[in-house]
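Below is one structure, written out as structure tokens; comments come after it.
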Amino acid sequence: MFQPDREAMPVAQLRAHQLASLQDMVARQYERVPAYQRKFDEQGLKPDDLKTLADLARFPFTRKTDLRDNYPTGLCAVPRSELRRLHASSGTTGKPTVVGYDRNDLDIFNEVVARSLYASGARPGMVFHNAYGYGLFTGGLGLDGGGQRLGLNTVPVSGGGTDKQVQLIQDLEPEVISVTPSYALVLGEALKKAGMRPEDISLKYALLGAEPWSDKTRREIEEKLGVKACNIYGLSEVIGPGVSNEDVNEQNGSYIWEDHFYPEIVDPETGELLPDGEYGVLVLSSMTRTAMPILRYWTGDITCLMPGESPSGRTSRRMAQIRGRSDDLIILRGVNVYPTQLEAVLTGMGQTSPHYHVVLTRTGLMDDLTLQVETESESPALQKEIQKQIKAQVGVSVHCELHVPGSLPRSEGGKLKRVTDLRAER
Ligand code: DLL
């Protein structure tokens, strides 16, 4: 489902559509959602103050705490009777955040996921193994709805149950899979154990997302599963999966479906807008949603908008792979480190498996990072080499621990927690 009238709209027309949609959204928010009205009033803003796209920067951010403060559905702009689905994401503490969808929102959700599947290589009639969790998490039902919209034969496997996944892949011969990258690696190992070589596996295209992953991990998954793998990005507060997706012929930046989601990149400290090409926090507005439109949502995800023409003819801007979340940032003796940077060094060295885990501890005032890595060899030379490469490429001294293959935590079907922080426990 390539929609040239939407995906390749002339830029001037796209910007006009975005301005009109944003104006319509803030008017609805002001009129129907007391929490937004209060925020606008506090800043002396009226919906009419949004006269150009540049004016958007004057409007307040929405943060996760706003969803919590208005739990469960206080940010909804339609009567409860019009809601058709609720999703929720479980935070690490306290109440989950709840997101409401009406018929229009579910329609948008299906459309952007169908576009994402198509951009990743899926075509009507293909068998689609959907290994994202079904339930309150937006991954399972989100990919399912898009699969139906595109005309795929969807197998709703959900996450976990690795043996069952392997059997279904062998028996139903899907061409398309959607799964977290960490669980894709687990499936790759399990298929190998079951005696399948990559060329025997029917899969051709994979949509990977819901957690940060590197290009090196992409190559590893592509080799293990015999697929072309594309990034799919999204978050529940904005819609779910399908905010942006790579093109299978490029695999170079994810096209943001800008007719529905307006992106900004801001400085994590000051909230000021940053130019294209500079890394900062991604802020998204879901302009066309009706049940729970969200204004300038602070995703916490660190990325940049990629400058330059798009080779595919699409006019939407592309975002680079997410480096991490601003809350995953480890500040180690003053140096900013994201786990994905460590992953890139490890996978680049080629002698270790892509399974790793980070443990943070504190001795006195000093923070220490232990990088646990799986490797066939227990050679002290390799351990030293990893430490040396990380110092050279990331700029921090870490302690590396070598572990035997299969011993570090694996994804059990969903997102994998990469960092154990023991600093507060001392
Ligand atoms: O993870 C939606 C999703 C499902 C996306 C399936 C892709 C595939 P949440 O549970 O609300 O929604 O988590 C959203 O996950 O803010 C990012 O930190 C992270 N995330 C999502 N996609 C990617 C990605 C879903 N492609 C949070 N790369 C987001 C890096 C991602 N991080």
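The values are calculated or read from the model by the stated rules, or taken from the named source; none is laboratory data. Just so we're clear, the structure is a prediction, and the values are computed from it rather than from any experiment. FYI the Cβ positions are ideal-geometry reconstructions off the backbone, even for glycines, and counts take in every protein chain you see.
Given the conditions (1) surrounded by fewer than 24 Cβ atoms within 10 Å (Cβ to Cβ); (2) assigned to a helix (DSSP H, G or I); (3) more than 16 Å from the ligand (Cβ to nearest atom), report the number of the one that M196 does not fulfil. Going through the list (1) surrounded by fewer than 24 Cβ atoms within 10 Å (Cβ to Cβ); (2) assigned to a helix (DSSP H, G or I); (3) more than 16 Å from the ligand (Cβ to nearest atom), M196 breaks only (2). The combined condition, being within 16 Å of the ligand (Cβ to nearest atom), farther than 24 Å from N104 by Cβ and of a type in the set (S, T, Y), is not fulfilled by Y297.
Quick check, is L369 crowded, with 16+ Cβ neighbours inside 10 Å and within 23 Å of R219 (Cα to Cα)? So L369 does not fit the description; no. Please tell me if V99 is surrounded by 15 or more Cβ atoms within 10 Å (Cβ to Cβ) and more than 24 Å from S182 (Cα to Cα). For V99, the condition - surrounded by 15 or more Cβ atoms within 10 Å (Cβ to Cβ) and more than 24 Å from S182 (Cα to Cα) - is met.
Applying the criterion of being part of a loop (DSSP other than H, G, I, E, B) and surrounded by fewer than 24 Cβ atoms within 10 Å (Cβ to Cβ) to the residues of the range 134-156, the residue that is nearest to the ligand (Cβ to nearest atom) is F137. Scanning the range 293-340 for residues that are of a type in the set (G, A, S) and either within 30 Å of Y101 (Cα to Cα) or surrounded by 21 or more Cβ atoms within 10 Å (Cβ to Cβ) (or both) yields G300, S316, A320, G324, S326.
Listed here are the residues, each with its yes/no results for (1) surrounded by 12 or more Cβ atoms within 10 Å (Cβ to Cβ); (2) over 25 Å from S182 (Cβ atoms); (3) modelled with pLDDT of 90 or more.
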{"site": "E374", "(1), (2), (3)": "yes, no, yes"}
{"site": "S379", "(1), (2), (3)": "yes, yes, no"}
{"site": "Q383", "(1), (2), (3)": "yes, no, yes"}
{"site": "V394", "(1), (2), (3)": "yes, no, yes"}
{"site": "V404", "(1), (2), (3)": "no, no, yes"}
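Cβ separations smaller than 6 Å between residues 6+ apart or across chains give the following pairs from the range 388-407 residues that are under 20 Å from Y338 (Cβ atoms) to residues that are surrounded by fewer than 14 Cβ atoms within 10 Å (Cβ to Cβ) and of a type in the set (D, E, K, R): S397/K391. Only residues that are modelled with pLDDT of 90 or more and more than 10 Å from the ligand (Cβ to nearest atom) were counted across the range 312-336, and they come to 8. Restrict the check to the range 180-189 and report whether at least one residue is within 21 Å of A122 (Cα to Cα) and either of a type in the set (K, R) or within 10 Å of the ligand (Cβ to nearest atom) (or both). The answer is yes, given that some residue of the range 180-189 is within 21 Å of A122 (Cα to Cα) and either of a type in the set (K, R) or within 10 Å of the ligand (Cβ to nearest atom) (or both).
For (1) surrounded by 16 or more Cβ atoms within 10 Å (Cβ to Cβ); (2) more than 30 Å from A122 (Cα to Cα), each residue gets a yes or a no:
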| residue | (1), (2) |
| --- | --- |
| F2 | no, no |
| R6 | yes, no |
| P10 | no, no |
| A16 | no, yes |
| M25 | yes, yes |
| F40 | yes, yes |
| T52 | no, yes |
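Per the conditions (1) at pLDDT below 95; (2) more than 12 Å from the ligand (Cβ to nearest atom), the sole criterion not satisfied by T217 is (2). For the range 285-301, a residue qualifies if it is more than 13 Å from the chain's Cα centre (by Cα) and not small (G, A, S), and the qualifying residues are M287, T288, R289, T290, M292, P293, I294, L295, R296, Y297, W298. Given the structure, is E211 away from the ligand (no atom under 15 Å from the Cβ) and either free of Cβ contacts under 8 Å to residues at least 60 places away in the same chain or assigned to a loop (DSSP other than H, G, I, E, B) (or both)? Answer is no for this residue.
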